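The values are calculated or read from the model by the stated rules, or taken from the named source; none is laboratory data. All values reported here derive from a predicted model rather than from experimental measurement. Cβ placement follows ideal geometry from the backbone for every residue including glycine, while neighbour counts extend to all protein chains displayed. Just so you know, the surface numbers come from the protein's heavy atoms only, side chains and all, with ligands and any DNA or RNA stripped out. Shrake-Rupley method; radii C 1.70, N 1.55, O 1.52, S 1.80 Å.
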Amino acid sequence: PRLSANIAELCGIHGDSRRAVQDYLLSVFGLPISQGGIQKVIDRVSQAIKPHYDAIARVARSAPVGHVDETSWRRKAKLVLLWVLASSRAALFMIHPRRSKAAFEELVQEWSGILVADGYAVYRQWVGLRQACLAHLIREAEGLAERNDPAMAKCGAWARDELRRLCHMAKAPPTVGEWRAFIARLRRLITIYGDRKDPAGRLVRRLEGEMDHLWLFLQEVGVEPTNNLAERTLRFGVLWRKRSLGTASESGDNWVERILSLRQTCRIQGRRTFPVLVDAMAAAFQTRSPSLDWIQALLIP
């Protein structure tokens with residue numbers, strides 16, 4: 001169990017290549033093993049942590065606030081998507097062929113909490129409460145502020161500054177006067193540029209359309225003004241994709257989904273992954289259920 005967990009830790013948690021793990025095992029333990037043998041161990045570990053993945057999925061889908069994002073992935077050189085549903089308690093990963101409403105619904109299933117996400121059209125159709133990611137809007141405004149056209153640059157700088165002020169309110173809630181002044185400036189921005197047919201007009205019309213979703217973080221406990229949690233959670237997956245060029249099979253997809261979910265959930269909880277992997281493999285060898293108490297304890301009543 002410890003050897004299998006060690007291999008899984010190196011390959012899945014630290015992102016080492018099969019070749020690097022092969023050299024490590026020979027150098028440290030004097031253990032000659034083929035890369036195919038390493039893959040067989042990984043397949044066994046992937047099956048052993050499936051109960052952990054299912055338990056993490058239940059936790060992620062019970063969170064009152066969920067951050068959703070997706071990034072490109074490769075399966076046999078074909079473009080697919082790596083999705084994540086992250087919260088302050090757990091992170092659930094899923095590889096899906098498409099970036100679509102069906103994929104989003106497969107990820108969240110019956111979850112009905114507060115959604116924090118970027119401006120993708122599928123997210124904007126969320127029927128529950130939603131916080132638009134201010135960081136995405138700020139980046140869009142910054143791009144507009146760098147335009148050569150003076151009018152568009154002025155609009156972009158104005159929108160960027162107002163969105164930054166709004167974002168800072170998460171740490172320094174505004175007074176009544178400050179809030180009224182902010183709303184007045186935002187409405188004036190929309191009035192001046194809202195009828196333009198250029199990118200400036202599109203930006204302010206988008207702000208106008210998102211008015212109900214820009215400052216939910218000031219009204220609901222536990223809501224952040226940006227989707228940075230999901231983006232940070234996805235980062236290791238992005239590095240994995242760049243390093244390995246993705247996966248080549250459904251079993252490879254399952255391994256990535258399960259080990260990333262376990263890795264990131266343990267990181268969120270401040271828990272070491274190696275003991276969890278050792279217990280999972282010991283349970284698999286002994287044909288018993290692994291210990292999932294620490295995951296089940298995260299379920300929101």
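If you go through the range 110-153 and pick out every residue that is under 23 Å from Arg165 (Cα atoms), among the hydrophobic types (A, V, I, L, M, F, W, C) and open to solvent by 80 Å² or more (accessible area, probe 1.4 Å), you end up with 1. Only one entry in Ile33, Ile49 is among the β-branched types (Val, Ile, Thr) and either open to solvent by 20 Å² or more (accessible area, probe 1.4 Å) or free of Cβ contacts under 8 Å to residues at least 12 places away in the same chain (or both), namely Ile33.
Can you tell which of Arg205, Arg232 is closer than 30 Å to Asn6 by Cβ and open to solvent by 40 Å² or more (accessible area, probe 1.4 Å)?
Working: Arg205 fails: closer than 30 Å to Asn6 by Cβ.
The match here is Arg232.
Suppose the filter is of a type in the set (A, V, I, L, M, F, W, C) and either under 25 Å from Gly222 (Cβ atoms) or open to solvent by less than 30 Å² (accessible area, probe 1.4 Å) (or both); does Ala5 pass it? Answer is yes for this residue. Taken as a whole, the condition of being among the aliphatic types (A, V, I, L, M) and at pLDDT below 95 applies to Val238.
Mind checking whether some residue in the range 279-292 is open to solvent by 20 Å² or more (accessible area, probe 1.4 Å), assigned to a helix (DSSP H, G or I) and either in contact with a strand residue (DSSP E or B) (Cβ under 7 Å, 6 or more places away or on another chain) or among the basic types (Lys, Arg) (or both)?
Step one: of the range 279-292, the residues open to solvent by 20 Å² or more (accessible area, probe 1.4 Å) are 279, 284-292.
Then drop every residue that is not assigned to a helix (DSSP H, G or I), which leaves 279, 284-285.
When the remaining residues are screened for being either in contact with a strand residue (DSSP E or B) (Cβ under 7 Å, 6 or more places away or on another chain) or among the basic types (Lys, Arg) (or both), the result is none.
The answer is no, given that none of the residues of the range 279-292 is open to solvent by 20 Å² or more (accessible area, probe 1.4 Å), assigned to a helix (DSSP H, G or I) and either in contact with a strand residue (DSSP E or B) (Cβ under 7 Å, 6 or more places away or on another chain) or among the basic types (Lys, Arg) (or both).
Of all residues in the range 260-301, which are touching a residue at least 24 places away in the same chain (Cβ under 8 Å) and in contact with a Cys (Cβ under 8 Å, 6 or more places away or on another chain)? Scanning the range 260-301 gives Thr273, Val276.
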